[in-house]
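Chemist: Questions regarding the structure given below will be posed in turn.
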Amino acid sequence: MAAPRTNGINPAGANHDETAPLIPHHNHNHNSRNSPLLPISHEGESGRTGFHPLHFLLVLWRSSSPISSLVNILFPFVPAALISRIFFSHSHPLWTFALSYIGMIPSANLLGFAGQELARKMPKVAGILIETTFGSIVEIILFVVLIFNHDEDEEGGNMVPIIQAAILGSILTNLLLCLGICFFVGGIRHASQRFHAIVSEVGSGLLLVAAFGLLIPSAFYSALKSEARVVEVVIGEGMKVVMPLGNSDEFTLGKLKDDVLQISRATSIALILSFFMYIWYCASSQHSIFDEVIEADEHRDADREADMEKPKFTATEAVIALFLSLVCVTALLIFLVDEIEHVVHSGVPDQFLGLILLPLVEKAAEHLTAIDEAWDGVINVALYHCLGPSIQTALFNGPLVVIVGWALGKPMDLNFEIFMIGLLVLSILVISNFLRDGESNWLEGALLVIVYGITAIACWYYPNPDVASSNSFEGLEIINGTAANILRELKQLLTGL
């Protein structure tokens, strides 16, 4: 989710006792003959119309910040990935994955920048919705491509563990790595930075609610898996046999699996509804999180005047940039997903791929923007760049893939591994503790990055779901199958006696 915008509001002429409402109030007394049907905000006015190729490339190269402009150097990897996909995909699949992975960074950066440029030209509410949509479109496309390629019957085709890891990995990357770097970079330039209480309070509260919703299916399964695993049957004095519960009419493994799937779908609908309520509150409430961030930080941005003077896309150029970046992002994500099996077979664990590698590239644009804002001293906006995408992933993007899987007839659920559940809960607790005092410094940032590094190391050594699984049905089926075989052998033995 992209950061809020000031839309050219001049704080010097505003009443500081009140915050400006986000729903725009149009002045009907101005000359409407010179106004377009959808008036362009002053902040997004380019002074041009139509499409100008040279100017388009110039604005694209300069991007939104110096860091983002440096990322554009990686654009040659996009055609290189396409060439590798066409000619070398079968012989060198890892090269295709690596080139596509690197090419995703400038493509996602262009998508975020073009979305921001288009949002600046819209009324406030429309701009917020556009920023929200394009701020997470890369992640949504990734999840949809993964669930579309899910096939349990095909070797290496089970994408559910990777999707689940990517959902939580996206949240952890924003909360630990991105926020940690923002605190560290901002703390180097400024001894300490204070942020608005409402950002940390609302952000922490929403994350806790989202975590509660995401973990309900896992908690339900964990509470009942021992009951559905096996049952001891006494067949004689001093003789017991362990047999599967699969023949029980009251509670079977299949029923447990169906119950978890139904709970996941119902929970996803509730979380998506919560997300839209959150967006509506932020767009319509006079004292919303957007207003608070704007009010606290609009005077602090050291680069605000320079940003306002930068050349901008026209509306046509912004739409073209969005289309080109969406094509590149979608193609590169398809290349990535198609080569995941080869990457896993090369020795990269599923959990590391989902929790670490994929979130790093899908959120590249958000991370670069947040770091640039923290360096400029706009810590509230930087904080929102970290918390906002995490909230959206938990409340919308993750639940959305469950609904998409439901529509495609694929059993995508929210039954996460116990290991990942522990990481999420502990990360939210750590972040909430650091946000409590409303102040950040470089030491807190360094500690968050270290925690993320420890998480990455643990993910590298965590076994794949087909080897060991703490919270899935595959393990139960294997155990029950083994118990059934033992029971048959025991019956044969008793019959022989």
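Chemist: Identify all residues within region 395-422 that are in a helix (DSSP H, G or I) and touching a Ser or Thr at 6+ places or on another chain (Cβ under 6 Å); write none if there are none.
Modeler: Step one: list which residues in region 395-422 are in a helix (DSSP H, G or I), which gives 395-408, 418-422.
Scanning region 395-422 gives LEU395, ASN397, PRO399, VAL402, ILE403, ILE418, ILE421.
Chemist: Name the single residue that is farthest from ALA223 (Cα to Cα) among those in region 398-414 being open to solvent by 10 Å² or more (accessible area, probe 1.4 Å) and not hydrophobic (A, V, I, L, M, F, W, C). If you could, list the steps in order and put the result at the bottom.
Modeler: If we filter region 398-414 for residues that are open to solvent by 10 Å² or more (accessible area, probe 1.4 Å), which is where we start, we get 400, 403-404, 406-411, 413.
In the following step, the residues that additionally are not hydrophobic (A, V, I, L, M, F, W, C) were identified as 409-411, 413.
Numbers: GLY409: 27, LYS410: 25, PRO411: 21, ASP413: 17 Å.
My answer is GLY409.
Chemist: Quick one: which of ALA364, ALA318 is out of contact with any Leu (no Cβ under 9 Å at 6 or more places or on another chain), more than 12 Å from LEU142 (Cα to Cα) and crowded, with 20+ Cβ neighbours inside 10 Å?
Modeler: Working: ALA318 fails: out of contact with any Leu (no Cβ under 9 Å at 6 or more places or on another chain).
On inspection, the qualifying residue turns out to be ALA364.
Chemist: Against the condition over 15 Å from the mean Cα position of the chain (by Cα), part of a helix (DSSP H, G or I) and closer than 30 Å to SER89 by Cβ, how does HIS367 come out, does it pass?
Modeler: Working: over 15 Å from the mean Cα position of the chain (by Cα): no; part of a helix (DSSP H, G or I): yes; closer than 30 Å to SER89 by Cβ: yes.
Considered against the rule, which asks whether it is over 15 Å from the mean Cα position of the chain (by Cα), part of a helix (DSSP H, G or I) and closer than 30 Å to SER89 by Cβ, HIS367 comes out as no.
Chemist: Further question: If you check every pair at least six apart or on different chains, which have Cβ atoms under 6 Å apart with a residue in region 271-283 that is modelled with pLDDT of 90 or more first and a residue that is among the small types (Gly, Ala, Ser) and assigned to a helix (DSSP H, G or I) second?
Modeler: Hits for this filter: LEU271/GLY213.
Chemist: Filter region 132-158 down to residues that are without any contact (Cβ under 8 Å) to a residue 60 or more places away in the chain and surrounded by 24 or more Cβ atoms within 10 Å (Cβ to Cβ), then give me how many there are.
Modeler: Going through region 132-158 one residue at a time, the tally reaches 0.
Chemist: Same structure, new question: May I ask you to list pairs of residues, at least six apart or on different chains, whose Cβ atoms are under 6 Å apart, with the first in region 332-346 being more than 22 Å from PRO76 (Cβ to Cβ) and the second being open to solvent by 10 Å² or more (accessible area, probe 1.4 Å) and not in a helix (DSSP H, G or I)?
Modeler: Every condition considered, the pairs that remain are VAL337/ASN149; GLU341/GLY156.
Chemist: Just give me the residues in region 83-98 being of a type outside the set (Phe, Trp, Tyr) and more than 13 Å from ASP338 (Cβ to Cβ), in sequence order. Spell out the reasoning first.
Modeler: First, the residues of region 83-98 that are of a type outside the set (Phe, Trp, Tyr): 83-86, 89-94, 96, 98.
ILE83, SER91, HIS92, ALA98, listed by residue number.
Chemist: Of everything in region 165-206, what is open to solvent by 10 Å² or more (accessible area, probe 1.4 Å), closer than 18 Å to ILE371 by Cα and among the hydrophobic types (A, V, I, L, M, F, W, C)? Give them in sequence order.
Modeler: Of everything in region 165-206, those that are open to solvent by 10 Å² or more (accessible area, probe 1.4 Å), closer than 18 Å to ILE371 by Cα and among the hydrophobic types (A, V, I, L, M, F, W, C) turn out to be LEU177, ILE181, PHE184, VAL185, ILE188, ALA191, PHE195.
Chemist: Here's something else I'd like to know. How many residues, within region 376-397, are among the hydrophobic types (A, V, I, L, M, F, W, C) and either surrounded by fewer than 24 Cβ atoms within 10 Å (Cβ to Cβ) or touching a Phe, Trp or Tyr at 6+ places or on another chain (Cβ under 8 Å) (or both)?
Modeler: To start, the set of residues in region 376-397 that are among the hydrophobic types (A, V, I, L, M, F, W, C) comprises 378-379, 381-383, 386-387, 391, 394-396.
Filter once more, keeping what is either surrounded by fewer than 24 Cβ atoms within 10 Å (Cβ to Cβ) or touching a Phe, Trp or Tyr at 6+ places or on another chain (Cβ under 8 Å) (or both): 379, 383, 391, 395-396.
So the answer is 5.
Chemist: Same structure again: Just to be sure before I move on: is ALA331 in a helix (DSSP H, G or I), at pLDDT below 85 and under 30 Å from GLY50 (Cβ atoms) in the structure I sent? Walk me through it before giving the result.
Modeler: Details: in a helix (DSSP H, G or I): yes; at pLDDT below 85: no; under 30 Å from GLY50 (Cβ atoms): yes.
In short, no.
Chemist: So the check is Cβ under 8 Å with 6+ separation or different chains; which pairs have a first residue in region 382-409 that's farther than 15 Å from SER274 by Cα and a second one that's of a type in the set (Val, Ile, Thr) and modelled with pLDDT under 85?
Modeler: Qualifying pairs under 8 Å: LEU383/VAL199; TYR384/VAL199; TYR384/ILE289; TYR384/VAL293; HIS385/THR369; LEU387/VAL199.
The values are calculated or read from the model by the stated rules, or taken from the named source; none is laboratory data. What you are looking at is a predicted structure, and each value in this text was computed from that prediction instead of being measured. Note: ideal-geometry Cβ built from the backbone for every residue, glycine included; neighbour counts use all protein chains shown. Heavy atoms of the whole protein, side chains included, go into the accessibility calculation; ligands, DNA and RNA do not. Shrake-Rupley method; radii C 1.70, N 1.55, O 1.52, S 1.80 Å.
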